[in-house]
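Coordinate-derived values only; no laboratory data. Note that the structure is a prediction, hence the values are computed from the model and not measured. In this analysis, Cβ positions are derived from the backbone assuming ideal geometry, glycine residues included, and neighbour counts consider all displayed protein chains.
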Amino acid sequence: MVLYFAKTAFGRLERMSDVLFVWDADSSSSKRRSFYRRLSGYRNGDYVYEGLLDNLPDEDWNWLNESTLLVKPQQADKIRRLLQEFDDVLRWHEFEATRTV
């Protein structure tokens with residue numbers, strides 16, 4: 001089990017859990033495609049567009065399947081903002097999770 005800790009205002013360490021994001025996207029709309037491109041990037045010929053996950057350290061996130069992502073708490077706000085941007089095509093939920101190894 002991997003545990004994360006954050007220092008509180010009083011100097012104590014508190015356990016931080018990972019954040020699990022699960023979503024379901026409406027049909028195969030262009031807005032859905034835009035979401036996945038913004039999240040994981042894409043390539044078109046010589047053009048490479050980096051997604052949000054390309055800019056995060058690899059150890060801070062883990063794909064569990066196409067619509068489930070496990071991230072460290074420090075990166076959760078970035079993912080949450082992106083999901084909120086696409087609220088009209090995504091139904092998503094956020095859970096506190098503990099990573100086991």
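Of note:
- Extent along principal axes [Cα atoms of region 17-97; Å; largest to smallest]: 39, 27, 20
- Unit charges on C-beta of K, R, D, E only; dipole of region 17-97, Debye: 320 debye
- At R0 = 22 Å, FRET efficiency that the Cβ-Cβ distance of A97 and L52 yields, to 0.05: 0.65
- Modelled spin-label separation between K31 and S17, with each label point placed 7 Å from Cα along the Cα-to-Cβ direction: 3.1 nm.
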